[in-house]
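Student: Dumping the structure here so I can ask a few things about it.
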Amino acid sequence: MYVHLIRSTSSQLTSPQGRYCQLVMGPAGSGKSTYCSTIMTHCQNIGRPVHLVNLDPAAEKFEYEPSIDIKDLISLEDVMEELQYGPNGGLIYCMEFLMNNIDWLEDEVGSYTDDYLIIDCPGQIELYTHFDIMKRLVEALGRLNIAICGVYLLESQFVEDKSKFFAGVMSAMSAMINLEIPHINVMSKMDLLPKMKPSELERYYNPDPLLLMEDVNAKTSPKYHQLNQAIGQLVEDFNMVTFLPLNVTDEDSITAILSHVDNAIQFGEDQEPKEPTEEMEGEMDDDY
């Protein structure tokens with residue numbers, strides 16, 4: 001089971017106005033921006049109205065210009081210059097500033113009544129594990145009747161270092177527990193991963209605690225073996241984290257990811273049929 005639906009009192013599963021969003025998360029370098037642009041392209045190709053929302057105050061380059069950009073409110077560069085903060089402290093300040101001025105985001109999002117939003121989030125893991133900022137953001141979006149699916153990315157190269165992989169699994173699980181929203185985990189950059197047997201990859205798609213015990217124990221001091229066993233047992237007991245593979249060069253892979261997200265947030269189930277546009281009517285005439 002790849003999709004976990006975690007229900008909370010904020011009722012994120014309902015979307016009376018037909019508004020939906022993906023909350024794209026993951027550590028720095030996991031491919032969030034590439035994922036966002038890939039999903040944007042795919043949605044446009046299938047005729048789905050979609051907008052990019054940038055909530056990363058440090059982001060500079062975009063393949064698609066964001067419809068909503070946190071840097072119109074505050075930028076990391078300004079914070080670092082004026083307050084003499086470092087990159088991590090400055091980013092936390094920016095996100096706290098956003099939450100203290102959440103009416104700005106509510107006003108910006110409010111203009112998109114039935115569109116699909118792709119929200120690109122910062123890559124600082126602390127936001128999902130140590131602070132309640134993302135939880136408060138989710139609650140704010142829930143008040144706007146937006147159905148949310150969390151998409152947590154972990155790059156496939158982590159499978160080459162099992163200790164890093166399980167650290168990523170724990171981070172993904174922390175985000176799932178803290179945010180309490182429908183959620184999928186994506187193993188990104190599969191096109192860059194060396195060839196592996198499907199049976200071997202399956203042990204990473206559905207994290208096998210024995211990978212931690214067998215490999216990591218062989219490389220670490222015996223005094224850490226009990227800790228490794230406890231981590232493996234935790235992953236097995238919760239049994240929450242599974243991964244969907246994403247190869248951005250494979251259209252079927254992209255389609256599968258979007259299908260899982262749509263299923264998680266029940267996309268389109270409350271939408272009325274729309275009148276065909278002139279462009280659509282022209283295409284139909286060409287077909288005949």
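The values are calculated or read from the model by the stated rules, or taken from the named source; none is laboratory data. In this text, all values refer to a predicted model and were calculated from it rather than measured experimentally. No Cβ is skipped: glycine too gets one built from the backbone with ideal geometry, and neighbour counts run over all protein chains shown. Calculation scope for accessible area: heavy atoms of the full protein, side chains included, ligands and nucleic acids excluded. Shrake-Rupley method; radii C 1.70, N 1.55, O 1.52, S 1.80 Å.
Student: Summarise the long-distance tail of P(r) for the range 110-191 by giving the % of C-alpha pairs beyond 16 Å.
Tutor: 56
Student: Quick one: if the Förster radius is 35 Å, what FRET efficiency do GLN266 and ASP161 give, using the C-beta to C-beta distance and rounding to 0.05? Show your work: numbers first, answer last.
Tutor: On the way: r = 37 Å, r/R0 = 1.06.
Between GLN266 and ASP161 the formula returns 0.40.
Student: Would you please give the residues with an amide H less than 5 Å from that of GLY150, counting only those at least 5 places away or on a separate chain, with H modeled from the backbone geometry?
Tutor: LEU23, HIS183, ILE184
Student: Only Lys, Arg, Asp and Glu count, each charged at its Cβ (+1, +1, -1, -1), so figure out the dipole size of the chain about its Cα centre, rounded to 20 debye. Show your work: numbers first, answer last.
Tutor: Numbers: 18 positive and 48 negative charges, 371 e Å.
In debye, rounded to 20, the chain gives about 1780.
Student: Given the Cα-Cα distance of SER259 and ASN217 and 0.36 nm per residue of separation, how much length would full extension add, in nm? Let's see the in-between values first.
Tutor: Details: separation 42, 0.36 × 42 = 15.12 nm, distance 3.80 nm.
Extra length available between SER259 and ASN217 comes to 11.3 nm.
Student: Is there a pair in LYS164/LYS219; LYS61/LYS135; LYS195/LYS219; LYS32/LYS61; LYS189/LYS219 whose C-alpha atoms are over 18 Å apart, and which pairs would that be? Intermediate results must be reported in sequence, preceding the final value.
Tutor: Numbers: LYS164/LYS219 13 Å; LYS61/LYS135 27 Å; LYS195/LYS219 24 Å; LYS32/LYS61 13 Å; LYS189/LYS219 27 Å.
Checking Cα-Cα distances, LYS61/LYS135; LYS195/LYS219; LYS189/LYS219 exceed 18 Å.
Student: Highest GNM mean-square fluctuation, the chain, Cα pairs closer than 10 Å: which of PRO207, PRO194, PRO87?
Tutor: Greatest mean-square fluctuation among the candidates belongs to PRO194.
Student: Return one quarter of the surface area of the convex hull spanned by the alpha-carbon atoms of the chain, equal to its mean projected area, in nm².
Tutor: 17.9
Student: Given a 1.4 Å probe, how much area per residue of the chain is accessible, in Å²?
Tutor: Heavy-atom SASA per residue in the chain reads 50 Å².
Student: Stick to the Cα atoms of the range 13-150, pair each with every other, and give me the Kirkwood hydrodynamic radius in Å at one decimal.
Tutor: Result for the range 13-150 stands at 15.3 Å.
Student: Beta carbons within 10 angstrom, averaged per residue: use that to sort the peptides 223-234, 43-54, 255-266, highest first.
Tutor: Ranking, from highest mean packing down: 255-266, 43-54, 223-234.
Student: Counting only DSSP beta bridges with both residues in the chain, tell me the antiparallel percent, nearest 5.
Tutor: If we restrict to bridges inside the chain, about 5 percent are antiparallel.
Student: Turning to a different aspect of this structure: Go ahead and run the numbers for FRET between GLU108 and ASP237, Cβ-Cβ distance against an R0 of 51 Å, rounding to 0.05.
Tutor: On the way: r = 41 Å, r/R0 = 0.80.
About 0.80, to the nearest 0.05.
Student: Quick check: from the Cα gyration tensor, does the range 155-195 come out rounded (a/c under 1.5), prolate or oblate?
Tutor: Details: a/c = 4.95, a/b = 1.75, b/c = 2.82.
Oblate, since a/c reaches 1.5 and b/c is not below a/b.
Student: Over the range 17-78, with every protein chain in place, what whole percent of the accessible area is carbon and sulfur at 1.4 Å, could you tell me?
Tutor: Details: 1080 of 2530 Å².
Here it works out to 43 percent.
Student: For a paramagnetic label modelled at 7 Å from the Cα of GLU63 toward its Cβ, which residues of the range 231-266 fall within the zone defined by backbone nitrogen distances under 11 Å?
Tutor: 248-250
Student: Which of LEU201, LEU91, LEU153 ends up with the largest GNM mean-square fluctuation for the chain, with Cα atoms connected below 10 Å?
Tutor: Among LEU201, LEU91, LEU153, the largest mean-square fluctuation in the Gaussian network model of the chain belongs to LEU201.
Student: Could you please state how large a percent of the accessible area of the range 141-209 is carbon and sulfur, counting protein chains only and using a 1.4 Å probe?
Tutor: Roughly 53 percent, rounded to a whole number.
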